[in-house]
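Colleague: Pasting a structure here, questions to come.
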2 protein chains.
Amino acid sequence: MSVTAPEGFLADGVAVGLKSTGKPDVAVVVNQGPLKVGAAVFTSNRAKANPILWSTQVIQDGVVEAIVLNSGGANCFTGSFGFQTTHQTAEKAAELLGVSPGDVLVCSTGLIGTGDETFRAKVLEGTEQAIAGATSDGGEDAARAIMTTDTVPKTSTFRGDGWVIGAMAKGAGMLAPGLATMLVVITTDAVLTAEEADAHLRAATRVSFDRLDSDGCMSTNDQVTLMVSGASGVTPEPEAFAAALADVCLDLAGQLQADAEGASHDISIRVVGAASEDDAVEVGRSVARNNLFKAAIFGNDPNWGRVLAAIGTTEASFDPYAVDVSFNGVRLCSAGAPDRPREEVDLTPRATDVLIDLKAGAAAATILTNDLTHDYVHENSAYSS
Amino acid sequence: MSVTAPEGFLADGVAVGLKSTGKPDVAVVVNQGPLKVGAAVFTSNRAKANPILWSTQVIQDGVVEAIVLNSGGANCFTGSFGFQTTHQTAEKAAELLGVSPGDVLVCSTGLIGTGDETFRAKVLEGTEQAIAGATSDGGEDAARAIMTTDTVPKTSTFRGDGWVIGAMAKGAGMLAPGLATMLVVITTDAVLTAEEADAHLRAATRVSFDRLDSDGCMSTNDQVTLMVSGASGVTPEPEAFAAALADVCLDLAGQLQADAEGASHDISIRVVGAASEDDAVEVGRSVARNNLFKAAIFGNDPNWGRVLAAIGTTEASFDPYAVDVSFNGVRLCSAGAPDRPREEVDLTPRATDVLIDLKAGAAAATILTNDLTHDYVHENSAYSS
C-alpha cells in the first residue's frame with residue numbers, strides 16, 4: 001500500500017535508465033488535497049546535495065504539492081548545472097500538475113558527483129512519465145523506484161480512527177555501497193496544520209531514524225518528508241497521531257536495519273541508567289560507531305571490553321567502575337569487572353541485544369546498528385562494481 | 001639500539017608465558033641517572049586501565065626510576081585485584097632496584113578483562129627476571145617483549161650534539177585485534193628538568209601520535225613515556241631537542257601505521273587552507289574515521305564524494321562548494337565539483353596521499369590512517385583466535 005494507502009495521494013515509479021540494471025528509478029508522489037501540507041527533515045551534513053538545497057527552500061512555507069525522487073545519481077557536488085537540474089525537475093513537475101515549482105520537493109540518491117546532461121535528461125523524462133502514470137494504487141511502484149541496493153522495498157501503513165498513515169523508505173544510513181542516503185516519504189489523510197505536521201515529524205524522527213546508525217557515515221542527501229492531504233476530513237487526537245507516526249518510523253527504521261548491506265547482525269544497543277536521554281544517545285552511538293565492537297559482533301564475540309572502551313570516549317556522566325554490560329540477557333561485566341563467563345552468550349542469532357546500565361540516573365535510549373562484516377568492506381570497496 | 005641507545009639506561013625483555021606463543025612478554029627499562037626525570041602522556045579514554053590509574057599518580061612528581069611493561073593482558077576492568085597487581089608490580093621492581101614504588105611506572109597491553117591470579121604471578125615473575133637481566137644493550141629485547149600482533153619491533157634513535165634519544169613502540173591505535181594499545185618508551189641522556197621533559201613530550205606527541213588514527217578506536221591503556229638520565233651531561237638547545245623528539249615520534253608513528261594490522265594502504269590526509277590548525281585536524285580526523293572512505297581506498301577507488309561527505313560532518317570553517325580534493329597528486333574535485341577523471345589516479349601503491357584544500361585560511365595538518373580491509377575485519381572479529 002505504501003504512500004497511497006491514505007486518501008488523496010497518487011504515485012508511480014518508472015524506469016528511464018538512470019540505473020544500469022534497467023530497474024525503476026524515478027518516483028513521484030502527488031498530493032491531491034484538499035490540504036497541501038508538508039514537513040521535512042534533512043541531513044545535518046553541511047555538504048548538502050542539490051536536492052537538499054532546493055527542498056530546504058520549498059518546505060519553508062509548509063506547502064507541498066508533490067515530491068519527485070530519483071535513484072541512480074545523487075546530484076551532489078555537481079556544480080551549478082546540478083542545481084539547475086533539480087530546479088528544472090521541480091519546474092517540469094509543476095508545469096504538468098499546474099502548481100508552483102516552489103511547492104515541489106526533489107530527492108536524489110546515488111553516487112556523489114553524478115549529475116551530467118544525460119542524468120538531467122533522464123530525470124526530466126522520468127518525471128514526465130511518472131506524473132502521467134500516477135494512480136491511487138501506485139505506492140508500491142514508487143517504493144520500488146527509490147531502491148538502490150535495497151533487496152526489498154520498505155513500506156509501512158497505520159490505520160487510525162478514521163485516518164491512515166502510509167510510508168515508503170530506502171537505504172540504511174550511508175551503508176549502501178557508494179549509493180548512500182536514506183529517503184523516506186510518509187503520507188497521511190489526517191487533518192494537520194503545517195506546524196503540527198512539522199512538530200510530529202521532528203518528534204517521530206528523533207526517536208527512530210535519528211537512532212539508526214549503521215556505519216556512522218552521514219549522507220549528503222538524507223530527507224524524510226511528511227505529506228498531509230487531509231482527505232479523511234478527520235482531525236486526529238494529537239497523542240494518537242504522534243504515537244502512530246512514531247510506530248511507522250520505527251517500523252521503517254527496523255526494515256532499513258534488517259536490509260543493511262553486508263550486515264549479519266541487527267544490533268540493538270539499549271542504554272539505561274543514564275543521567276539524561278542525551279547521555280544515553282551519546283553512549284549508544286559511541287558503541288554503535290566502534291569498529292572493534294562491530295567486528296567482534298560479526299565474529300560472535302561478546303567483547304564487553306570494547307563496549308567499555310567505547311563508552312570511555314564519551315562525555316556522558318558515568319563511573320567506568322560502576323557500569324554493567326549484558327549481551328543477549330547475560331551480564332558479562334558488573335561494576336566494571338568480569339561477571340558471567342562470555343561462553344554463556346550465544347551471538348549466532350541475527351538479533352543482538354546489548355544492554356548498558358550506566359548507573360548514573362533514570363534516562364534511557366536505544367540505538368540500532370549493524371555489525372562490521374566482510375560483505376560491508378567488499379560492497380563498499382568498489383570491488384562489486 | 002632502542003631505549004638503551006642513550007647513556008644511563010638498562011633494559012631487558014623476558015618470556016614468562018603471558019603470551020600463549022611463548023614469545024617475550026615482560027620488559028623493563030631502568031634509569032641509572034644521574035637524573036631520574038620522567039614525563040608521560042596517557043590515553044584520554046575515561047575508561048582507564050589499572051596501569052594508567054597507577055602511572056598517572058607516579059608521574060606527578062616528575063621522578064621515574066624504572067618502567068615495567070607487559071604484553072599478554074591489559075589488566076583493565078579487572079577490579080581492585082587488578083589494581084593491586086599493578087601496585088605489586090611496582091613494589092617488586094622497587095624492592096629489587098632499591099627505589100620507591102612511587103617512582104616505578106607500569107604499562108600493560110592485551111585483552112581487556114585479563115588480570116587474574118595467574119596473570120599476576122607471571123607479571124611479578126617477569127619483573128624479577130627482567131630486572132635481573134637488564135643490561136645496557138637490552139633495548140632490542142625490551143622492544144620485542146612489548147609486541148602484541150606487531151609483525152616487527154619498532155625502534156628509533158636520534159643522535160644529537162653530545163646527546164642521544166632512543167625509543168621503542170608497539171601497536172597502532174586500537175587496530176591490533178583484541179589487544180589494543182599503543183605503548184611508547186623514549187629515553188634520553190640529555191639534561192632536562194621534569195618541566196622541560198613534560199613540555200617537550202606533549203609538544204612532540206601532539207603532532208605525531210595524536211595524529212595517527214588507524215581506526216578511530218581509543219585504547220584504555222595508551223601511554224607514551226619519556227625517561228631522562230642526563231648521563232651525557234649535555235644540556236641541549238631546546239629547539240634542537242624539540243625537533244629531534246618530534247622526529248623520533250613521527251618516525252615511530254610511521255612505523256606503527258606501516259605495521260597496522262590488516263591494512264593495505266598507509267593513508268596520509270593532508271589538510272591545507274584551514275582557518276586554524278584545530279580545524280585542519282578535525283577535518284583530517286573525520287575523513288580518517290569514515291568507513292566508506294576507508295573501504296573505498298581498500299578497493300583502490302579515489303572516492304572524493306565520500307571525502308566531502310565526511311568533511312561536511314565537521315564544525316570546521318569551510319564552504320563545501322569551494323573545497324578542492326586531490327588523490328596522489330590528481331585533483332579530482334575542484335570548488336565542490338568534478339575536475340580530473342578518477343581514472344587518472346593510481347591507488348595501487350600502499351602509500352596514499354589525500355590532499356584537501358579547504359580554501360578557508362592558511363593553517364594545515366596531516367592525519368595518518370589506514371584503509372578498512374577484509375583482514376581488519378577478520379583479525380578483529382575473533383575468527384583469528
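Colleague: Taking segment B:112-129, which residues are within 24 Å of A:ASN303 (Cα to Cα) and surrounded by fewer than 19 Cβ atoms within 10 Å (Cβ to Cβ)?
Modeller: B:ASP116, B:GLU117, B:THR118
Colleague: Return a yes/no flag: does segment A:210-220 have any residue that is more than 14 Å from chain B (Cβ to nearest Cβ) and polar (S, T, N, Q).
Modeller: Looking for residues that are more than 14 Å from chain B (Cβ to nearest Cβ) and polar (S, T, N, Q), one finds none in segment A:210-220, hence no.
Colleague: Another question about this same structure. Determine which member of the set A:LEU201, A:LEU245, A:LEU252 is in a helix (DSSP H, G or I) and touching a Lys or Arg at 6+ places or on another chain (Cβ under 8 Å).
Modeller: Answer to the check: A:LEU252.
Colleague: With (1) open to solvent by less than 40 Å² (accessible area, probe 1.4 Å); (2) within 14 Å of another protein chain (Cβ to nearest Cβ); (3) not hydrophobic (A, V, I, L, M, F, W, C) as the list, and A:ASP189 as the residue in question, which single condition is left unmet?
Modeller: With (1) open to solvent by less than 40 Å² (accessible area, probe 1.4 Å); (2) within 14 Å of another protein chain (Cβ to nearest Cβ); (3) not hydrophobic (A, V, I, L, M, F, W, C) applied to A:ASP189, the lone miss is (2).
Colleague: If B:SER80 satisfies every condition in (1) of a type in the set (Ser, Thr, Tyr); (2) touching a strand residue (DSSP E or B) at 6+ places or on another chain (Cβ under 8 Å); (3) open to solvent by 30 Å² or more (accessible area, probe 1.4 Å) but one, which is the exception?
Modeller: (2)
Colleague: Considering only segment A:237-252, I want to know if a residue exists there that is out of contact with any Gly (no Cβ under 6 Å at 6 or more places or on another chain) and closer than 22 Å to B:GLY216 by Cα.
Modeller: No, segment A:237-252 contains no residue that is out of contact with any Gly (no Cβ under 6 Å at 6 or more places or on another chain) and closer than 22 Å to B:GLY216 by Cα.
Colleague: Still on this structure: Just name the residue that is modelled with the highest pLDDT out of those in segment B:198-221 that are within 14 Å of B:ASN45 (Cα to Cα) and open to solvent by 50 Å² or more (accessible area, probe 1.4 Å).
Modeller: B:ASP210
Colleague: Next up: Tally time: how many residues in segment A:231-242 are assigned to a helix (DSSP H, G or I), open to solvent by 10 Å² or more (accessible area, probe 1.4 Å) and in contact (Cβ under 8 Å) with a residue 24 or more places away in the chain?
Modeller: First, pick out the residues of segment A:231-242 that are assigned to a helix (DSSP H, G or I): A:238-242.
Okay, now just the ones that are also open to solvent by 10 Å² or more (accessible area, probe 1.4 Å), so A:238-240, A:242.
Filter again for in contact (Cβ under 8 Å) with a residue 24 or more places away in the chain, leaving A:238, A:240, A:242.
Result for segment A:231-242: 3.
Colleague: Same structure, new question: Considering only residues of segment B:305-327 that are open to solvent by 10 Å² or more (accessible area, probe 1.4 Å) and in contact with a Leu (Cβ under 7 Å, 6 or more places away or on another chain), which is nearest to the other protein chains (Cβ to nearest Cβ)?
Modeller: B:PRO320
Colleague: Which of the following residues is aliphatic (A, V, I, L, M), at negative phi, assigned by TED's automatic domain parsing to the domain that holds A:ASN303 and crowded, with 23+ Cβ neighbours inside 10 Å: A:VAL271, A:VAL228?
Modeller: Selected residue: A:VAL271, the only one of A:VAL271, A:VAL228 that is aliphatic (A, V, I, L, M), at negative phi, assigned by TED's automatic domain parsing to the domain that holds A:ASN303 and crowded, with 23+ Cβ neighbours inside 10 Å.
Colleague: Quick one: in segment A:48-71, of everything that is touching a residue at least 24 places away in the same chain (Cβ under 8 Å) and farther than 24 Å from A:LYS19 by Cα, which residue is most open to solvent (accessible area, probe 1.4 Å)?
Modeller: It comes out as A:GLN57.
Colleague: Could you list, in sequence order, the residues of segment B:300-323 that are out of contact with any helix residue (DSSP H, G or I) (no Cβ under 9 Å at 6 or more places or on another chain) and in contact (Cβ under 8 Å) with a residue 40 or more places away in the chain?
Modeller: Correct list: B:ASN300, B:ASP319.
Colleague: Is it the case that some residue within segment A:114-132 is among the hydrophobic types (A, V, I, L, M, F, W, C) and within 21 Å of the chain's Cα centre (by Cα)?
Modeller: Within segment A:114-132, none of the residues are among the hydrophobic types (A, V, I, L, M, F, W, C) and within 21 Å of the chain's Cα centre (by Cα).
Colleague: Kindly indicate whether A:THR369 is touching an Asp or Glu at 6+ places or on another chain (Cβ under 8 Å) and within 14 Å of chain B (Cβ to nearest Cβ).
Modeller: yes
Colleague: Being modelled with pLDDT under 95, hydrophobic (A, V, I, L, M, F, W, C) and under 30 Å from A:GLN84 (Cα atoms) narrows it down to one residue among B:ALA335, B:ALA288, B:ALA316; which is it?
Modeller: Answer to the check: B:ALA335.
Colleague: Got at least one residue in segment B:200-210 being free of Cβ contacts under 8 Å to residues at least 60 places away in the same chain and over 23 Å from B:ARG289 (Cα atoms)?
Modeller: yes
Colleague: Within segment A:340-357, does at least one residue satisfy the condition of being open to solvent by less than 10 Å² (accessible area, probe 1.4 Å), under 30 Å from A:THR149 (Cα atoms) and not polar (S, T, N, Q)?
Modeller: yes
Colleague: Looking at A:ARG159, is it surrounded by fewer than 24 Cβ atoms within 10 Å (Cβ to Cβ) and either under 18 Å from A:LEU183 (Cα atoms) or in contact with a Cys (Cβ under 7 Å, 6 or more places away or on another chain) (or both)?
Modeller: no
The values are calculated or read from the model by the stated rules, or taken from the named source; none is laboratory data. Remember, predicted model here, so these are calculated numbers, not experimental data. Here the Cβ is made from the backbone with ideal geometry for all residues, glycine too, and neighbour counts use every protein chain on show. Calculation scope for accessible area: heavy atoms of the full protein, side chains included, ligands and nucleic acids excluded. Shrake-Rupley method; radii C 1.70, N 1.55, O 1.52, S 1.80 Å.
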